[in-house]
Amino acid sequence: MCAAFIVQHYHLNLLYAFVNAITVKFGKSAIDIHAWAKRFVDPDIVLVKLAISLFAFSENTCCCNSNTSNNLTNPIDILEIQNKYAEVTWKYLLYKYSYNDAVKRFLNITLWLASMTVFAVHAQSLRLYVNDIDSIIEQTEITFILDEVDQIIETNQ
């Protein structure tokens, strides 16, 4: 979701080298899905931030790892948080825009969330993407371990 915003905000989709590199790495279908999804990105930066928060607390964005328990969070708590963000978003829209524009923009947010779900499902089917994510996770874990080791060494000195 953030990637769609960044690509549109900085007009990366207009750069041939960027589009070509992404096409080579992830395929034409990824570019097509991304082009479809970016149509729903709102130019209002505050609204984008609220939409990203809504997406983060959306139940359909959960990624499950077989090594973790499914009972880490209470779904009711997540739903309450999501409802609060939806309410804040709606109040912001009504404050900043007319009722009709608020409805259109909120619809665009829901379409953006749906398109990002489609994009995420597609990305998870790409082995290269999954390998990239696994690599980032491994690097993060190593960084945390090294930070802990450094902290232990400093404590013992």
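A short reminder: the numbers here are calculations on the coordinates, not readings from a lab. Keep in mind that what you see is a predicted model, and the values were worked out from it rather than measured. Don't worry about glycine lacking a Cβ; one is built from the backbone with ideal geometry, like all the others, and counts go over all protein chains shown.
Let a ≥ b ≥ c be the square roots of the eigenvalues of the Cα gyration tensor of region 69-157; is it rounded (a/c under 1.5), or, if not, prolate (a/b larger than b/c) or oblate? Taking the square roots of the gyration eigenvalues as a ≥ b ≥ c, region 69-157 is prolate. Put a dot 7 Å past the Cα of PHE18, heading toward its Cβ, do the same for ILE78, and the two dots end up 3.2 nm apart. Among the listed pairs LYS28/LYS96; LYS84/LYS104; LYS38/LYS84; LYS28/LYS49; LYS25/LYS91, those whose Cα-Cα separation exceeds 30 Å are LYS28/LYS96; LYS25/LYS91. The calculated FRET efficiency for the pair SER125 and ALA35, based on their C-beta separation and a Förster distance of 22 Å, comes to about 0.75.
Only four residue types carry charge here, +1 at the Cβ of Lys and Arg and -1 at the Cβ of Asp and Glu. Report the dipole size of the chain about the Cα centre in Debye, rounded to the nearest 20. Display every interim value, and only then the final one.
Working: 11 positive and 16 negative charges, 216 e Å.
Computed about the Cα centre, the dipole is about 1040 debye.
Just to confirm a number: summing +1 for Lys and Arg and -1 for Asp and Glu over residues other than TYR97 whose beta-carbon lies under 12 angstrom from that of TYR97, what do you get?
On the way: positive: LYS91, LYS96, LYS104, ARG105; negative: ASP42, ASP44, ASP101.
Cβ neighbours under 12 Å give a net charge of +1.
For region 2-37, state which chymotrypsin sites (Phe, Trp or Tyr not before Pro) are in a DSSP loop and have at most 12 other beta carbons lying within 10 Å of their beta carbon. Numbers along the way, then the final one.
Values: sites: PHE5, TYR10, TYR16, PHE18, PHE26, TRP36; in loops: TYR10.
Passing sites in region 2-37 are TYR10.
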